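Below is one structure, written out as structure tokens, with a few remarks after it.
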Amino acid sequence: MAVYRSVYSVEFKNDLRDFEFDKNIADGIEKAIPIILEKPYHKAAKLKGQDGLLRKHVCANRFRIFYYIDNKNKEVIFVAFRPKNKNTYKNL
């Protein structure tokens, strides 16, 4: 049972739309989001220079989900979904 509510940014929705054609990626995201909502700090890494932004590896370590945690309102704000490559951290 998820403890936190999910909030999707416009950029996150656009990123997901770019990868929705691949069923494996869509299934991986569908499995990862409830896990993040239940335990948002588990195996998440903080980004240096970004105040409170966390990242988590998903889809067999091929992609990363970036998110903020709002403990006051019990929300996880999903910011970006990116493939793990040299452009992963651009425009976060």
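Each value in this text was obtained by applying a stated rule to the coordinates, not by laboratory testing. Predicted model only: the values in this text are computed from it and were never measured. Please note: Cβ atoms are built from the backbone with ideal geometry, for glycine as well, and neighbour counts cover all protein chains shown.
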Worksheet item: Taking V76, is it within 20 Å of L16 (Cβ to Cβ) and touching a residue at least 60 places away in the same chain (Cβ under 8 Å)?
Response: yes
Fill in: Extreme residue, surrounded by the most Cβ atoms within 10 Å (Cβ to Cβ), among residues of the stretch 1-37 that are more than 25 Å from N73 (Cα to Cα) and among the aliphatic types (A, V, I, L, M)
I25
Worksheet, complete the sentence: How many residues of the stretch 44-72 are out of contact with any strand residue (DSSP E or B) (no Cβ under 7 Å at 6 or more places or on another chain) and touching a residue at least 12 places away in the same chain (Cβ under 8 Å)? The answer is 4
Practice prompt. Quickly run through the stretch 9-43 and pick out the residues that are of a type in the set (G, A, S) and free of Cβ contacts under 8 Å to residues at least 12 places away in the same chain.
Written response: A26
Discussion item. With small (G, A, S), over 21 Å from L92 (Cα atoms) and not in a strand (DSSP E or B) as the only criterion, which of A32, A26 stands out?
Written reply: A26
